[in-house]
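Computed from the coordinates by the stated procedures, all read-outs in this text should not be read as laboratory data. Everything numeric in this text was worked out from a predicted model, so none of it was measured. Every residue, glycine among them, receives a Cβ derived from its backbone with ideal geometry; neighbour counts consider all protein chains shown.
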Amino acid sequence: MITPRRTRLVRVPHLHAFRDALRALAANPETNPESRVPNPLVVVPTRAAARHAQRLVRTEADLVTRDELYDRLYARLASPPRRLTSLEREVLAGRAAREAASGEQLAFRLRPGLIAEIVRFYDQLRRQSQQVQRFEELLTEALGGADEAFDRGAERLRQQTRFLVAAFREYERLVTASGACDEHLLRTRLIAEAAREPIRRVIVTVADWIADADGLYVADFDLLSRIPGLESLDIVATAAVLGAGFHERLHQWLPGLEEIGIRDLGLGIRGCQPVLMIPPTNPQSLIPNPSDPWWTYRDREEELVAVARQMKADRRRGEGVPLERTAVVFKQPLPYLYVAGETLPAAGIPYQTVDALPLAAEPVAAALDLAMEAVSADFSREPLVALLRSPHFRFTHDQTEVTRESVSALDRALSERRYLGDPRRLEEMAARWPEGNPEGQRYKTESDATIALHAALSLARDLAPLAEPAPASRQTARLLTFWDDRLRQLDEGHPFSAREQRGRAAIRQTLVAIASVHAAHDDPEWSIDDLALAVRRAIEDQTFEPESGATGIHLIDDRTARYGDFDDLTVVGLIENDWPERPCRNIFYPPALLKSLGWPSEKDRRAAADAHFLDLLASASRRTSVSTFTLDEDAIVSRSMQLDEIPRARLSTIARPRDQQARVFVDEALSLDPPALAALDDDARRWADLRLSRSPADAPRFHGRIANETAENAESAEQDRFSQRALRSPRLALSVSALETYLDCPFKFLAQHILRLEEEPDDEEVMDPRHQGQFVHEVFEEFFTAWQDAGRGAIIPENLDAARALFTEVVDEALEALPEAEAGLERTRLLGSPAAAGLGEAVFRMEAERPVAVVERLLEHRLDGQFTIATAAGPRTVMLRGKADRLDLLEDGTFRLIDYKLGWPPNPAKALQLPLYSICAEQRLVAYRGRQWASGEAVYLAFKGPRRVVPLFTRPEQRARVLADAQQRLADAIDAIERGEFPPAPDDVWRCETCTFGAVCRKDYVGEV
Ligand code: SF4
């Protein structure tokens, strides 16, 4: 039954008439007698739409979204109950769901995301005028009785329905008990109780929720038809949207609805159809290609670049319109707002937008995440260092602020100590920090890291209680205390300060709300993961309005576009899943069951989406163009099927060739020949001049060559210092392993040994290969020292067991320094298992199988100084540094050289260490123990690969050639280093896969190798 009031449907043919009708209806009675009542409430889909509609109506009309409509109605009640916030409702629903779950064996866990879905489902039911009782009856009937228990799917849905009904009832009980109201209780109250000053007139410009994601529900139309005091209700809709099912539904909900047309408002129908700009079949031709009336670009950026090009081309041809009369229309604002921030200013095109960005995308939100992440990860190195480095916080020790250098030193030091987290380890370290030899590098690193370590310890002490489960309100309050105490004071003059301030305030407000709502309504025990989930969800639900210009082209979504009067409209991003927008899926029931609860069919939704799209195409007064793209981030995407609806808009078309050649962006001013520096500002022009005067890109210095050129042409003191350092270093003794690196890749040698770039540390549960190599070398050194000190000579079959026993002792002692899990792994590797022999066994057997006795073992034996090598150009003296893993001096006057390789053995044709150590050892051991020593055997003891023992040469006649080749390789490498040649030229391109200098070596040159 409709109360006595004027309820009308205003049918308009298109969006031009829609805007005219809105303008006329919202005008005050003195300018339009039709209006009867001044200052109406106008319902629009979004805040952004409200801002644009305000420019249209220019009266005191109050433009509101659906939520704001409830706010306005609530505000006029004489003694309104308190309204629950959405956070309070979720907390009450969570408590209700736990109660309901206590009597059921649920097949799912009650996670925060699920609670939000329960609330959403409840709201939708109630907004569709369904009560919980009716929901229960309909579902129970549809799912059948208990005798159909053999159907496990149906039984699961029955159980879920019982749970949801119980949760909804409990939620309603809790809301009533709280004395406050939610939207549904408020609706009942608004219908039952007259307002102090009732709203007398409402104009609805949105469709229902089926045709419009931000539209009104059955319950809203019911409210507007029954609320006391409302004298006039006008619903404005285009013919296309009405024809897509909205007309039928409206008459069903509002029987007796009066219908009028645009002429009944005293308005004429404007005939201003835009022209559709389409790509020509042939880019050189102007003949339209009606079968493909849209543009296809690579990605969103290219779409916006095309918009900028078109605008510049229009201006050059004298066809431009004021920027404010142009709009780019999208479905999803976020990706376009980010891309536009880079693209349009680069083309010198100002833009304005009223769409909000998510608060979660603000850098300050990421700072809060760092704090929670540090606790979740038990303060392990990476998250701890990331938190210390965050510019949003200020960490101090003894009133001294932690510097970036100190944090970097801490990063290194923790990595060196293989710190894997746990504040207790931080405490232990801090008690003895710094450790080591005051002369050593480790001491220096730790000393530099002292302030950062103590700051880390202090923040860990503050945050560590969050790792223990505690009531939700207490956990949130602790996080809030950290937030308040540690935030860095803002520099008011900084350009980002205002935005940062707003972000901080929004986050603080969120934490305060979570803490107080849980303290008041429900305070379950939360782990750090529960806290992080709840905080992240609360932040994700909030948006943040960026500061946008007030002039320039408009960037708007399709709902807002209905309220804007534009000459040119570019509709972008027509990809599948966006156009039409996918409805939010119901996670509880399949569509067939939801239909019985009043959920719309996909057909109804699609018809309404197509109607809106067709309206949009004809919304501009001069030109429309439509585009799609193929690449979304890294994924290939399909075009929208709605593109096939374009011909139904019946727009005349005009083909336009792409304007690719003009310089539109600053980078094009520089990249197209000849560079046009006039487009740059003063600073940029100075830099550009400098860059243009630089040496050619193919100059050898840009390809890893640093020698003569830098020495001769050093242009600055800094460059000179660099060249001196680079050239001096190789003349010092070179380590043989470094020279092997040079042969692997000359640039890698430059990065590691001359520039001394540090590799990014990596935390692993187990030792990395470098640490593992050190550990294994130390174990064998320890063993052979003990073996030798005990007066033992060679390992022979008779004393193998004794060697094994001593080795086990040495290994077990060394393993005590390792964490338990890792010690187990290393024990198996060294001592073996029933399935495979260990490394020790391989080493002992190798020796036991050789008949000649060992006189002495030289362990980790240094071979430093001047040596003479034989090259094709004759003998040559070189300065070398090296350390042989093991030199066994044998009774027959030869020595056996052994190199442990934790991985695969090197390719003998490329290796340097064994052949050079053989030569160097022969020269160093002259007259040692009063005799000559000749190299007899050289082997790799490789712990990976098919063979453990890999000799450098297998036959005596190979020896001379292998050694000669290695000496020549060494001489060539030293010459190349002295010439300053360090091209990024790996001997095997696969080496780059694991190399850490890929980011600095310009390895695009590798392709030329
Ligand atoms: S990434 Fe490849 S080319 Fe670059 S330094 Fe490493 S090994 Fe050489």
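Taking the charge dipole of the chain about its Cα centre, with +1 at Lys and Arg Cβ atoms and -1 at Asp and Glu Cβ atoms, the residue from CYS745, ALA971, GLN54 reaching farthest to the positive side is GLN54.
In terms of the Cα gyration tensor, with a ≥ b ≥ c the square roots of its eigenvalues, is region 39-90 rounded because a/c is under 1.5, prolate because a/b exceeds b/c, or oblate? It would help to have the intermediate numbers written out before the result.
Details: a/c = 4.42, a/b = 1.69, b/c = 2.62.
It comes out oblate by the Cα gyration axes.
Computed about the Cα centre, the dipole magnitude for region 856-1009 is approximately 340 debye when only Lys and Arg (+1) and Asp and Glu (-1) carry charge, each at its Cβ.
With each label modelled as a point 7 angstrom along the Cα→C-beta vector, the THR996-ALA239 pair spans 7.1 nm. Among the trypsin sites (Lys or Arg not before Pro) in region 464-502, those placed in a DSSP loop whose Cβ has at most 14 other Cβ atoms within 10 Å are ARG488. The long axis of helix 152-178 is offset from the longest Cα principal axis of the chain by roughly 70 degrees. A straight Cα-to-Cα reach below 20 Å connects LYS883 with the aspartates and glutamates GLU740, ASP744, GLU778, GLU781, GLU782, GLU856, GLU860, ASP864, ASP899, GLU922, GLU937, residues fewer than 8 places away in its own chain not being considered.
Projected onto the charge dipole of the chain (+1 at Lys/Arg Cβ, -1 at Asp/Glu Cβ, origin at the Cα centre), which of LEU897, PRO40, PRO674 gives the Cα projection farthest towards the positive end? Of the candidates, PRO40 comes out farthest on the positive side. Taking trypsin sites (Lys or Arg not before Pro) across region 224-271, the ones in a DSSP loop with at most 15 further Cβ atoms lying within 10 angstrom of their Cβ are ARG270.
Candidate cross-link partners of LYS748 among the lysines, defined by an alpha-carbon separation under 19 Å and a same-chain spacing of 8 or more, comprise LYS910, LYS1003. Which log10 I(q)/I(0) values does the chain give at q = 0.05, 0.10 Å⁻¹ under the Debye formula, counting every alpha carbon as one identical point scatterer? Result of the Debye calculation: -0.52, -1.29.
Tally Lys and Arg at +1 and Asp and Glu at -1 over the other residues with C-beta under 12 Å from the C-beta of ASP20: what net charge comes out? Mind showing how you got there, number by number?
On the way: positive: ARG19, ARG23, ARG263, ARG270; negative: ASP565.
Surrounding charge for ASP20 is +3.
Helix 956-978 and the longest principal axis of the C-alpha atoms of the chain enclose an angle of approximately 60°.
What FRET efficiency would be calculated for the residue pair SER86, ALA505, taking the C-beta separation as r and a Förster radius of 22 Å, to the nearest 0.05? Provide the component values of the computation, followed by the final result.
Working: r = 19 Å, r/R0 = 0.86.
That pair, SER86 with ALA505, gives E of 0.70.
What shape does region 290-439 have by the C-alpha gyration tensor, where a ≥ b ≥ c are the square roots of the eigenvalues, rounded means a/c under 1.5, and otherwise prolate means a/b greater than b/c and oblate the rest? Prolate shape, in that a/c is at least 1.5 and a/b is the bigger ratio. Neighbours of ARG249 by Cβ distance under 10 Å: Lys/Arg scored +1, Asp/Glu scored -1, total -3. Once Lys and Arg get +1 and Asp and Glu get -1 on their Cβ, which of LEU463, LEU487, HIS397 lies farthest toward the positive end of the dipole of region 396-494? With unit charges placed on the Cβ atoms, the residue in question is LEU463. Given +1 at the Cβ of Lys and Arg, -1 at the Cβ of Asp and Glu and no other charges, the dipole of the chain around its Cα centre is 2360 debye to the nearest 20.
For the chain, which span is the longest to avoid every loop-located (per DSSP) member of chymotrypsin sites (Phe, Trp or Tyr not before Pro) having at most 14 other Cβ atoms inside 10 Å? Don't jump to the answer; show the numbers that get you there.
Numbers: sites that count: PHE108, PHE150, PHE496, TRP990.
Within the chain, the longest run free of exposed chymotrypsin sites (Phe, Trp or Tyr not before Pro) spans 497-989.
The GluC sites (Glu not before Pro) of region 793-836 that meet both conditions, a loop assignment by DSSP and at most 16 other Cβ atoms within 10 Å of the site Cβ, are GLU816.
Less than 5 angstrom separates the built amide H of TRP526 from those of ALA470, ALA472, all sequence-distant by 5 or more or on a different chain. Enter the angle in degrees (range 0 to 90, nearest 10) between the Cα long axis of helix 404-416 and the first principal axis of the Cα atoms of the chain, meaning the one along which they spread out most. Approximately 60 degrees, to the nearest 10. Below 20 Å, Cα to Cα, which aspartates and glutamates can LYS312 reach? Residues fewer than 8 away in the same chain don't count. Once the sequence-local aspartates and glutamates are set aside, what remains near LYS312 is GLU301, GLU302, GLU303, GLU324, GLU342, ASP567, ASP568, ASP659, ASP667, GLU668, ASP673, ASP681. Net charge of the neighbourhood of THR653, taken over other residues with C-beta under 12 Å away and scored Lys/Arg +1, Asp/Glu -1, is +2. If only the Cβ of Lys and Arg carry +1 and only the Cβ of Asp and Glu carry -1, the dipole of region 921-994 around its Cα centre is close to 600 debye.
What FRET efficiency do you get for GLU581 and ARG691 if R0 is 35 Å and r is their Cβ-Cβ distance, rounded to the nearest 0.05? Kindly include the intermediate steps, with their values, before the conclusion.
Values: r = 46 Å, r/R0 = 1.32.
Efficiency computed from Cβ-Cβ geometry: 0.15.
Mean residue ellipticity, 222 nm, helices only, the chain: the sum of -39500 (n - 2.57) across DSSP H runs of n ≥ 4, divided by residue count and rounded to 500, is -14000 deg cm²/dmol.
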